[in-house]
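Student: Encoded as structure tokens, here's the structure I'll be asking about.
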Amino acid sequence: MPLIKDGKFVQDRFLFIPDGQAFPDDGGVMVTFDRFQSECATLLAHHRPVAVRLASSQNPEVLKDELANIDAIALEFPIFRDGRAFSWARMLRERYAYKGEIRAVGHFLYDQLAFMMRVGFDAFDVRQDFRIEEFDRAMREMTYVYQPSTDGRKTVMQIRREE
Amino acid sequence: MYRYDEFDAKMVRERAEQFRYQVERRIKGELTEDEFKPLRLKNGLYLQLHSYMLRIAVPYGTLAARQMRQLAFIARKYDRGYGHFTTRTNMQFHWPRLKDVPDILHHLADVEMHCIQTSGNCVRNVTADHFAGAAADELEDPRPISEIFRQWSSFHPEFNYLPRKFKIAVSATKEDRAAVKWHDIGIEIIKNDAGETGYRVFVGGGMGRTPYVALEIGHFVSKTDILAYIEAILRVYNEYGRRDNIHKARVKILVHQLGADEFRRQVEVEFAEIKKKGTLQLPPEELKRIEAYFAPPAFEDLPDTSPEFDAAVKADKDFANWAKTNLTPHRARGYAIATISLKNIGMTTGDISADQMDGVAQIMDDFGFAEVRVSHEQNLVFPHVRRRDLPAVFARLKALDLGTANAGLITDIICCPGLDYCDLANARSIPISMAIQKRFADLERQHDLGEIKIKMSGCINACGHHHAGHIGILGVDKKGVEFYQIQLGGSGAEDASVGEIMGPGFGKDEIVDAIERVVETYVKLREPGERLLDTYRRVGMTPFKNMVYREQMHAAY
């Protein structure tokens with residue numbers, strides 16, 4: 001799957017390794033939370049980039065003591081209507097001050113990209129035919145925002161008060 | 001009333017274009033219907049039995065004359081010359097074409113209106129007391145904070161894909177006209193012992209197949225904190241509301257499963273975190289700025305009584321009847337609140353023609369009314385009418401066929417569109433509601449029966465609020481035949497309660513007789529001053545049930 005990060009197509013640093021499959025000799029790996037939990041010591045001893053993929057039902061609180069060791073967290077959308085990851089991403093950034101990559105994986109729509117950016121996602125596993133112009137367009141659809149969020153954008157209320 | 005500034009205006013314009021692009025992609029096949037559906041719903045567009053239906057937000061039920069005229073224009077150009085006011089104070093058009101919708105959105109944007117989040121699993125249009133700013137016993141106008149909620153919830157990045165829909169209502173009086181305890185969040189504006197105004201927050205009310213009255217979660221939330229508190233509630237819900245079963249996905253299920261104490265504890269944890277960040281604190285100047293938009297008109301210093309009014313009561317029986325039911329005391333001397341019934345006998349509840357919309361707008365211009373309200377009871381309200389103008393206003397309303405004198409009476413029925421329009425419905429509701437109105441058309445009898453709230457839904461989703469009706473009627477489908485269940489004892493007011501099912505349902509030819517027997521039982525049993533609801537609460541279901549079913553059995557033999 002092509003990966004968009006910080007608004008550009010980039011090379012994916014992580015290879016997703018399904019549970020039970022052996023790790024390659026080198027390179028970054030992405031594992032499920034279960035695998036991360038059971039093989040945490042081995043994984044981290046290797047000094048390779050490590051990413052953890054969470055299901056939409058998993059509160060990222062479970063990772064809070066390991067965040068410094070995790071380079072990326074992938075939050076899964078089993079179906080685009082399942083909006084839990086919007087809260088998880090925001091919590092990771094705001095409550096746990098997580099600075100690594102937060103990646104959206106699974107089924108999500110063009111129409112959700114702007115919201116995702118607002119709550120702290122910075123990487124998107126997009127469909128094969130997705131064009132980067134679409135990403136730019138999604139970011140430009142709405143000029144203003146009403147609520148404070150993770151992105152720190154000035155809200156309409158703040159702009160009004162400055163005037 | 002609230003006026004958009006350049007920011008609000010740009011938001012609704014850009015939203016219209018965003019939707020145009022979604023429609024284009026759907027027509028080209030780039031979006032599946034399954035993907036398009038939640039997107040169009042967030043813009044109030046449903047696919048119904050015969051066509052699309054577009055739901056337009058009327059925030060806290062307040063409309064200006066130019067907005068009413070624009071709705072009339074849309075009704076003529078894109079629909080069949082009429083619209084429908086709903087129990088959430090929105091307006092629905094039942095016959096627009098998909099390709100026209102982006103243009104309709106621009107027509108709405110021209111008059112500072114939109115369809116944003118009038119459906120879908122997000123925070124919906126915020127409703128408030130329809131007598132706001134006029135009610136005698138009001139602590140403060142509930143609309144400024146409702147407008148702040150509207151802005152905060154519009155395009156909220158975290159809460160646009162909730163487990164299910166989410167409705168907020170605000171009231172500022174002891175007498176609750178906004179049915180706050182029937183909402184996902186109900187806010188009551190209160191004063192604490194120190195004399196400060198703040199918010200009592202109820203969570204987890206709702207109709208549908210599992211009706212619940214909301215529980216009190218926040219006892220007193222300060223004005224500065226209210227957005228943070230609401231955001232905390234939404235976050236707990238977004239994270240832990242059920243997503244495996246659509247019928248258990250509303251926040252009411254989560255709240256009532258956890259109980260008020262545990263739900264409150266979880267909310268407090270989130271609330272503390274959000275407060276720590278400090279970005280959602282509501283600055284008092286911002287609240288003041290919004291409040292200024294809702295400042296009441298400059299009321300004239302008028303005497304309590306008006307000779308014009310008194311003369312008209314004596315001379316015109318229709319006016320006298322209308323004045324008896326459709327007027328409510330106003331806080332300012334010499335003024336009244338006038339309810340315009342949209343329950344004309346034999347008309348579809350909540351429907352209004354384009355000519356009537358224009359007519360209402362013209363009355364507003366001629367008498368200097370800045371706004372008209374839509375009530376959740378599907379009526380309109382002129383909030384500030386000089387008593388001396390009432391006879392003239394009434395004459396104009398009557399000429400528009402809007403002079404029905406039945407506010408709060410048995411023919412003032414709340415009713416969903418039912419199987420005539422809606423593909424969720426199991427039974428028709430409009431014809432039954434009309435038949436009941438015809439049966440009780442006699443005004444003297446209606447006055448004698450006093451306040452009786454009949455609320456009727458054509459399916460378990462309860463858009464017609466049957467759980468909250470003094471008499472609730474639910475249409476069900478039994479092997480392809482429409483049946484109607486009766487519930488008694490519901491209330492949508494400050495004494496909110498869920499109606500109790502009386503027993504087996506009635507066929508479409510029996511239901512009106514059954515309702516009449518309920519009413520006759522009340523007449524037989526009532527004590528002086530008792531409404532039907534009071535009598536029911538005193539004597540219970542049994543006497544009603546005995547009367548209604550015994551007579552049915554006699555009829556069968």
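Student: Among the listed residues B:ALA441, B:ALA427, B:ALA462, which satisfies the condition of being surrounded by fewer than 20 Cβ atoms within 10 Å (Cβ to Cβ) and not hydroxyl-bearing (Ser, Thr, Tyr)?
Tutor: Answer to the selection: B:ALA441.
Student: Hey, another quick one. Which of the numbered conditions does B:MET502 fail, given that it passes all the others? Conditions: (1) farther than 29 Å from B:TRP322 by Cβ; (2) free of Cβ contacts under 8 Å to residues at least 12 places away in the same chain.
Tutor: Among (1) farther than 29 Å from B:TRP322 by Cβ; (2) free of Cβ contacts under 8 Å to residues at least 12 places away in the same chain, B:MET502 violates only (2).
Student: Kindly indicate whether B:GLU35 is without any contact (Cβ under 8 Å) to a residue 40 or more places away in the chain, within 11 Å of another protein chain (Cβ to nearest Cβ) and open to solvent by 70 Å² or more (accessible area, probe 1.4 Å).
Tutor: Values: without any contact (Cβ under 8 Å) to a residue 40 or more places away in the chain: yes; within 11 Å of another protein chain (Cβ to nearest Cβ): yes; open to solvent by 70 Å² or more (accessible area, probe 1.4 Å): no.
Considered against the rule, which asks whether it is without any contact (Cβ under 8 Å) to a residue 40 or more places away in the chain, within 11 Å of another protein chain (Cβ to nearest Cβ) and open to solvent by 70 Å² or more (accessible area, probe 1.4 Å), B:GLU35 comes out as no.
Student: Please enumerate the residues belonging to the range B:138-156 that are within 14 Å of chain A (Cβ to nearest Cβ) and part of a loop (DSSP other than H, G, I, E, B).
Tutor: Listed by number, the residues that qualify are B:SER154, B:PHE155, B:HIS156.
Student: Being facing chain B (nearest Cβ under 7 Å) and surrounded by fewer than 19 Cβ atoms within 10 Å (Cβ to Cβ) is true for just one of A:ARG90, A:ARG95. Which residue is that?
Tutor: Selected residue: A:ARG95, the only one of A:ARG90, A:ARG95 that is facing chain B (nearest Cβ under 7 Å) and surrounded by fewer than 19 Cβ atoms within 10 Å (Cβ to Cβ).
Student: Just give me the residues in the range A:126-163 being closer than 23 Å to A:GLU94 by Cβ, of a type in the set (D, E, K, R) and under 17 Å from the mean Cα position of the chain (by Cα), in sequence order.
Tutor: A:ASP151
Student: If A:TYR146 satisfies all but one of (1) within 11 Å of another protein chain (Cβ to nearest Cβ); (2) open to solvent by 30 Å² or more (accessible area, probe 1.4 Å); (3) without any contact (Cβ under 8 Å) to a residue 60 or more places away in the chain, what's the number of the condition it fails?
Tutor: (2)
Student: Specify the residue that is most open to solvent (accessible area, probe 1.4 Å); the eligible residues are those in the range B:117-137 that are part of a loop (DSSP other than H, G, I, E, B) and within 14 Å of another protein chain (Cβ to nearest Cβ).
Tutor: Of everything passing the filter in the range B:117-137, B:ASN121 is most open to solvent (accessible area, probe 1.4 Å).
Student: Let me ask something else about it. Check B:GLU494 against each of (1) touching a residue at least 60 places away in the same chain (Cβ under 8 Å); (2) assigned to a loop (DSSP other than H, G, I, E, B); (3) touching a Leu at 6+ places or on another chain (Cβ under 9 Å) and name the one condition it does not meet.
Tutor: The number of the failed condition is (3).
Student: Among strands (runs of 3 or more DSSP E) lying entirely in the range B:157-226, which contain 2 or more residues that are open to solvent by 40 Å² or more (accessible area, probe 1.4 Å) and at pLDDT 95 or above?
Tutor: Per the criteria, B:215-221.
Student: Working only within the range B:15-31, note down all residues that are charged (D, E, K, R) and either touching a Lys or Arg at 6+ places or on another chain (Cβ under 7 Å) or under 20 Å from A:ASP129 (Cβ atoms) (or both).
Tutor: Once the filter is applied, which keeps residues that are charged (D, E, K, R) and either touching a Lys or Arg at 6+ places or on another chain (Cβ under 7 Å) or under 20 Å from A:ASP129 (Cβ atoms) (or both), the range B:15-31 yields B:GLU24, B:ARG25, B:ARG26, B:LYS28, B:GLU30.
Student: Another question about this same structure. Inside the range B:398-424, can you point out the residues that are surrounded by fewer than 20 Cβ atoms within 10 Å (Cβ to Cβ), at negative phi and not hydrophobic (A, V, I, L, M, F, W, C)?
Tutor: Answer for the range B:398-424, where residues must be surrounded by fewer than 20 Cβ atoms within 10 Å (Cβ to Cβ), at negative phi and not hydrophobic (A, V, I, L, M, F, W, C): B:LYS398, B:ASP420, B:ASP423.
Student: Out of everything in the range A:98-109 that is more than 14 Å from A:ASP6 (Cα to Cα) and more than 8 Å from every other protein chain (Cβ to nearest Cβ), what residue ends up being surrounded by the most Cβ atoms within 10 Å (Cβ to Cβ)?
Tutor: A:PHE108
Student: Taking the residues in the range B:401-421 that are out of contact with any strand residue (DSSP E or B) (no Cβ under 9 Å at 6 or more places or on another chain) and assigned to a loop (DSSP other than H, G, I, E, B) as candidates, determine which candidate is farthest from B:ILE345 (Cα to Cα).
Tutor: Filtering the range B:401-421 for residues that are out of contact with any strand residue (DSSP E or B) (no Cβ under 9 Å at 6 or more places or on another chain) and assigned to a loop (DSSP other than H, G, I, E, B), the one farthest from B:ILE345 (Cα to Cα) comes out as B:LEU409.
Student: Output the residue which, of all residues in the range B:274-289 that are in a loop (DSSP other than H, G, I, E, B) and more than 14 Å from A:TYR146 (Cα to Cα), is modelled with the lowest pLDDT.
Tutor: Pass one, the range B:274-289, residues in a loop (DSSP other than H, G, I, E, B): B:278-283.
Those still in the list that are more than 14 Å from A:TYR146 (Cα to Cα) too: B:278, B:283.
Working: B:GLY278: 89, B:PRO283: 93.
Looking at the filtered set, the residue picked out is B:GLY278.
The values are calculated or read from the model by the stated rules, or taken from the named source; none is laboratory data. All values reported here derive from a predicted model rather than from experimental measurement. Glycine gets a Cβ as well: all are built from the backbone with ideal geometry, and neighbour counts include every protein chain shown. Remember, those area values only see protein heavy atoms, side chains included, never the ligands or the DNA or RNA. Shrake-Rupley method; radii C 1.70, N 1.55, O 1.52, S 1.80 Å.
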